[in-house]
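The values are calculated or read from the model by the stated rules, or taken from the named source; none is laboratory data. Just so you know, these numbers come straight off a predicted model, no measurement behind them. Cβ sites come from the backbone with ideal geometry, for glycine too, and all protein chains shown count toward neighbours. We work out accessible area using only protein heavy atoms, side chains counted, and drop any ligands, DNA or RNA first. Shrake-Rupley method; radii C 1.70, N 1.55, O 1.52, S 1.80 Å.
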Amino acid sequence: TGEKKLNRERVMDFVKKNGVLPFIETFVPGLFFQKDLKNIERVYEIAAKTPENVLLAYTKAMRDRPDMTGFLSVFDKPILFLAGEKDTFIAVSSVFEQARRSVRGQLKVLAETGHMGMFEATEESVKILKDFSKACFHVSSL
């Protein structure tokens, strides 16, 4: 959306002025619904290793990427949409709309989870991914 593009522009400006660490200090907690998770510390460690030029290039690429949602209506293979119920970065309603457009999309929503389901709901995320993978390998049309 235009708003997301503007926010990414603001991120680039902030990082250029303040650096990576001040950005991740404000950004990382917002990825999580469950703020007390010890995994936030791990994400800080990973993010802190990101060079500024990489963060800027990534943010620019996200800002400038073309809209590919039309592809969902013609791609006839299974697609898994895994969303966090409390994700403030990608609303469940947006993920639902993408899954609805998909020919063979499956939507799974992780309860009480933000953007980082792999940390907040690790076991459930792994189970969903394993089940989806198994189902894909059993589909003869793949």
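Its Cα centre serving as origin, the chain has a Cβ charge dipole (Lys and Arg +1, Asp and Glu -1) of approximately 380 debye.
Here is the list for segment 43-142: trypsin sites (Lys or Arg not before Pro) lying in DSSP coil, each with at most 11 other C-beta atoms within 10 angstrom of its C-beta, are 49. Only DSSP H runs of four or more residues enter the estimate; each adds -39500 (n - 2.57), and after division by the residues of the chain the mean residue ellipticity at 222 nm equals -16500 deg cm²/dmol. Listed values for segment 24-36 are Karplus-derived 3J(HN,Hα) couplings in whole Hz (6.51 cos²θ - 1.76 cosθ + 1.60, θ = phi - 60°), namely 5, 4, 8, 7, 4, x, x, 6, 10, 8, 8, 5, 8, and x replaces Gly and Pro. On a per residue basis, segment 1-89 carries 66 Å² of accessible surface, using protein heavy atoms and a 1.4 Å probe. When the Gaussian network model of the chain links Cα atoms closer than 10 Å, the mean-square fluctuations of 29, 66, 51 top out at 66. Measuring how big the chain is from its alpha-carbon positions, Rg and Dmax come out at 17.0, 53 Å.
Applying the criteria of a DSSP loop state and at most 14 other Cβ atoms within 10 Å to the trypsin sites (Lys or Arg not before Pro) of segment 8-40 yields 35, 38. Split the accessible area of segment 21-91 by element, probe 1.4 Å, and carbon with sulfur accounts for 61%. Taking 7 Å steps out from each Cα toward its Cβ at residue 61 and residue 91 produces label points 2.8 nm apart. Quick one: longest stretch of the chain between exposed loop GluC sites (Glu not before Pro), exposed meaning at most 16 other C-beta atoms within 10 Å and loop per DSSP? Longest site-free region, per DSSP loop and neighbour criteria: 1-84.
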